[in-house]
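The values are calculated or read from the model by the stated rules, or taken from the named source; none is laboratory data. These numbers come from a predicted model, not from an experiment. Note: accessible area is taken over every heavy atom of the protein model, side chains too, but ligands, DNA and RNA are not part of it. Shrake-Rupley method; radii C 1.70, N 1.55, O 1.52, S 1.80 Å.
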Amino acid sequence: MNIIQTIINKKVNSITPKELLKLSQQYQVSITPDQANKVASLLNGKNVNIYDLSQRTQLLSQIANVTSHQ
């Protein structure tokens, strides 16, 4: 894994709910503060490699469960 991938993975694995909300506004993606908290808790401390297809797919599935309207 190169240095850029390492930096990006570190940021993803330590993102805060506040940062998620700011990014959601910047990219016009609608999430609630509660969803941001849940997504951040999924990511924090998990050491997910978003460049690994299986890990990314599993993570996206978990995020979809948190953010999808039911």
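When the range 25-55 is filtered for residues that are more than 10 Å from the chain's Cα centre (by Cα) and within 17 Å of Asn13 (Cα to Cα), the ones remaining, listed by number, are Gln35, Asn37, Gly45, Lys46, Asn47, Asn49, Tyr51, Asp52, Leu53, Ser54, Gln55.
Note on the range 53-70: among residues that are small (Gly, Ala, Ser) and in a helix (DSSP H, G or I), the one that is least open to solvent (accessible area, probe 1.4 Å) is Ala64.
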